[in-house]
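The values are calculated or read from the model by the stated rules, or taken from the named source; none is laboratory data. Bear in mind the structure is a predicted one, so any value in this text is a computation, not a measurement. Here Cβ is always computed from backbone atoms with ideal geometry, including for glycine, and neighbour counts include all displayed protein chains.
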Amino acid sequence: MSALSTNHLLGIQNITSQDIKLILDTADSFKEVINRPIKKVPSLRDVTIANVFFENSTRTKISFELAEKRLSADVVNFSSSSSSVKKGETLIDTVNNILAMKVDMVVMRHPAPGAHQFLARHIDANIINAGDGTHEHPTQALLDAYSLRAELGDLTDKKIVIVGDILHSRVALSNIYCLQKMGAKVRVCGPPTLLPKYIGSLGVEVSNDLRESLEWCDAANMLRIQLERQEDKYFPSLREYSTQYGVTLPMLKSLKKEIVLMHPGPINRGVEITSEVADSDQSIILNQVENGVAARMAVLYLLANHK
């Protein structure tokens, strides 16, 4: 198989395990490209891509923009904070105006779950979901899976624990779907107040015990506490959360085996993980950043070539 089964990347739930494998295998080629002295290829020379961000983002936006420029695409950046959206323009008006500029592909982040599905039904361009509310963040899951595959090889039966604020995390949901489609065993771990009621129905193990989960897993993905999405108090204090669910270097060293430590960023140092853990040999956080560009290049390339 050398083509994706879909015109869009709306979420990991919407793609097949063969799509995931194709994206990760294609990312291998682009990883080699971005480590060359000349980091550009002309693959998307005649393609115009609009980055449409209705929520603030630094890392994801920069990663997409870099991926697009490495592929020689023409890039249009649109930020809703400085746009007509503040004047009452609707999502479809905004995107139709961008499409009137003859844009081929839209990379969008939006606070409303399902905004990308709505868009895909109404406009004739490839849509890539760069995060929709607390729903999905598919390219983060793909780069996480790509990073894990580089460390652990085939993910079939590998044990991955996702720790922290599962309730408010779009990364967690996309990671669960992606890892399960790759054959991994997935567990979520966190305080009961930060685990959604439905989470067990997704076929994951559920735990409130960090120590036991770290002993169980081959890799741990430590999620950021998303204070900006929390209107209520879900735990007494950051200090208490850190005591119960933060990973320290002594804890890491005391495990019976070495595990891989990940974090989608940005890190709250001293909350989810200490600085010593973030900078340790077991951490692949910087690899994730580099792999993000390769994985996004693969997605852009495959969608642009999907007819």
Exercise. Out of all the residues in region 27-41, is one or more of a type in the set (Lys, Arg) and under 21 Å from ASP104 (Cα atoms)?
Worked result: yes
Seminar exercise, completed: ALA150 passes all but one of the listed conditions (1) at pLDDT 95 or above; (2) over 21 Å from GLU290 (Cα atoms); the exception is number (2)
Exercise. Has region 263-270 got any residue that is surrounded by fewer than 21 Cβ atoms within 10 Å (Cβ to Cβ), over 19 Å from GLY131 (Cβ atoms) and of a type in the set (A, V, I, L, M)?
Worked result: no
Exercise. Between a first residue in region 1-26 that is within 18 Å of MET105 (Cβ to Cβ) and a second residue that is polar (S, T, N, Q) and in a strand (DSSP E or B), which pairs have beta carbons less than 7 Å apart while being 6 or more apart in sequence or on different chains?
Worked result: ASN7/ASN126; HIS8/ASN126; LEU9/ASN129; LEU10/ASN129; GLY11/ASN129
Exercise. So is ASP19 at pLDDT 95 or above, among the acidic types (Asp, Glu) and within 17 Å of the chain's Cα centre (by Cα) or not?
Worked result: yes
For this session: Return a yes/no flag: does region 154-171 have any residue that is crowded, with 20+ Cβ neighbours inside 10 Å, closer than 21 Å to PHE54 by Cα and without any contact (Cβ under 8 Å) to a residue 60 or more places away in the chain.
Result: yes
Exercise. Outside the structural domain of ILE128 (by TED's automatic domain parsing), at pLDDT 95 or above and under 16 Å from the mean Cα position of the chain (by Cα) - does that describe any residue in region 243-262?
Worked result: yes
For this session: Residue by residue through region 279-306, note down the ones that are without any contact (Cβ under 8 Å) to a residue 24 or more places away in the chain and out of contact with any helix residue (DSSP H, G or I) (no Cβ under 8 Å at 6 or more places or on another chain).
Result: ASP279, ASP281, LEU286
Exercise. How about region 151-256: which strands (runs of 3 or more DSSP E) wholly inside it have at least 2 residues that are in contact with a His (Cβ under 8 Å, 6 or more places away or on another chain)?
Worked result: 219-222
